[in-house]
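The values are calculated or read from the model by the stated rules, or taken from the named source; none is laboratory data. Quick caveat: nothing in here was measured; it's all calculated off a predicted structure. Cβ placement follows ideal geometry from the backbone for every residue including glycine, while neighbour counts extend to all protein chains displayed.
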Amino acid sequence: MKLARFDRGTDKGRIGIVTGSQIVDVTEAAGVDPAEWPPVGPVRLLAEFDRLRPALERAAAAGTPIDLAEVTLLTPVPWPNKVIAYPVNYHAHGAEMGAGYRATNQGFFLKPNSSLSGAGEPVILPETPGREVHHESELAIIIGKGGRNIAREDWRDHVFGYACLLDMVVRGREERVARKAYDTFCPVGPWITTADEVPDPANLQMKLWVDGELRQDANTRDLVLDIPGMIAMASAVMTLYPGDIIATGTPEGVGPVQGGQTIRITIDQCGEMNVPVVQGTGGSTEIFADPYQLVKKS
Ligand code: MN
C-alpha cells in the first residue's frame, strides 16, 4: 500500500491511498482529523494500522480516484516522536568527505520534526552567504511497531514502510544538528510504501539529479551499518515509536543546490520526488558567519 498525506484546494492534511497516478481520500477510514493539532493522527494511524487496514482498503476501492496532479503531497508523518539520522553510512561518501569515522562507531544524530516537508513542497534555502547547502539522497525507514532493545533478527517486525528522503545540510564544521535543522531541510515522500511491497530493502537503487544532472547513484546494499543494525543501534539507546523516521545515510555525490533548481530523487519501489529549491529571505545567523567550502576527496 502507498499511504500519502495531501492538500487538495481548501481540503488540508488529508490521508490518501495511491494507485498508479491516482489517489483516493481515505481520511475518514484512517480515523485522522486533519484539523487536529498537534497533527499526531498519522502516528496513531501507523500504530493501529493492522486493525484499520481492511477499512482502508474498502475505502480505497469505494472512493473516487483523484489525479495526483490535482493534489499537493505533504510529508506523510508530520509529527513523529523523532527523526533519527545516520551520518557517513556509505564508504564512498565517507571518502569524499574525508571522514575518518563511520555510522557503525559514530552513531546517529536527530533532525527536528519541524524540518519535515513533503514531495509537493519546496526546499527553502536560508540566507547563508559563503555557505553551500547540499543535497543528501537517503532511504527513509518508517517505524511501525515501537520497541526498545530490538534484536537485529527482529528488525522486520518494527518497520512500517519506506520512503525517499532528502537530508539537506549547510556544509561546515558547526553542530551537525544546527546545519541540518532549517525548516524544509527534510523532505520525505512522495508517500510511505508499506514494507510488504519492498521485500528486499537492502537492494534498492537510489538516484538523485539536480536539474537533470545525475549526481548520486548508489544501492542500499552498500550501507555500512545495515538496516537491522540501524534499528538495533537506535533502539539500544532510545525507545522507538510508531511513525519514527530513520534517515539511513547518503552515498557519494553530495553537492550544492541553488534557488531555481529542482532536486529529483528516485528509489526503487518507493517512488520519486521532484522538489523545487527556492532561495528564501530569512535564516541568517552568526553560526554561519564564516565562509566554508567543502573540498571533496576522491
Ligand atoms: Mn545524511
Have a look at I124, I192, I150, I141 and point out the one that is within 14 Å of the ligand (Cβ to nearest atom), in the same structural domain as L240 (by TED's automatic domain parsing) and of a type in the set (V, I, T). I141
Reported set for the range 88-133 where residues are of a type outside the set (G, A, S), assigned to a strand (DSSP E or B) and surrounded by 19 or more Cβ atoms within 10 Å (Cβ to Cβ) is Y90, K111, L116, V123, I124, L125, V133
Report, by residue number, each residue of the range 258-293 that is among the small types (G, A, S) and more than 30 Å from N203 (Cα to Cα). G259, G260, G280, G282, G283, S284, A289
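If only one of I66, I17, I23, I84 is within 16 Å of the chain's Cα centre (by Cα) and β-branched (V, I, T), which one is it?
Working: I66 fails: within 16 Å of the chain's Cα centre (by Cα); I17 fails: within 16 Å of the chain's Cα centre (by Cα); I23 fails: within 16 Å of the chain's Cα centre (by Cα).
So the residue among I66, I17, I23, I84 that is within 16 Å of the chain's Cα centre (by Cα) and β-branched (V, I, T) is I84.
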By residue number, the members of the range 18-30 that are crowded, with 16+ Cβ neighbours inside 10 Å and either free of Cβ contacts under 8 Å to residues at least 40 places away in the same chain or of a type in the set (G, A, S) (or both) are V26, T27, A29, A30
Those strands (runs of 3 or more DSSP E) lying entirely in the range 206-286 with at least 2 residues under 22 Å from V18 (Cβ atoms) and of a type in the set (S, T, N, Q): 262-267
Condition check for L214: over 23 Å from N105 (Cβ atoms), within 16 Å of the ligand (Cβ to nearest atom) and either touching a Lys or Arg at 6+ places or on another chain (Cβ under 7 Å) or outside the structural domain of A181 (by TED's automatic domain parsing) (or both): no
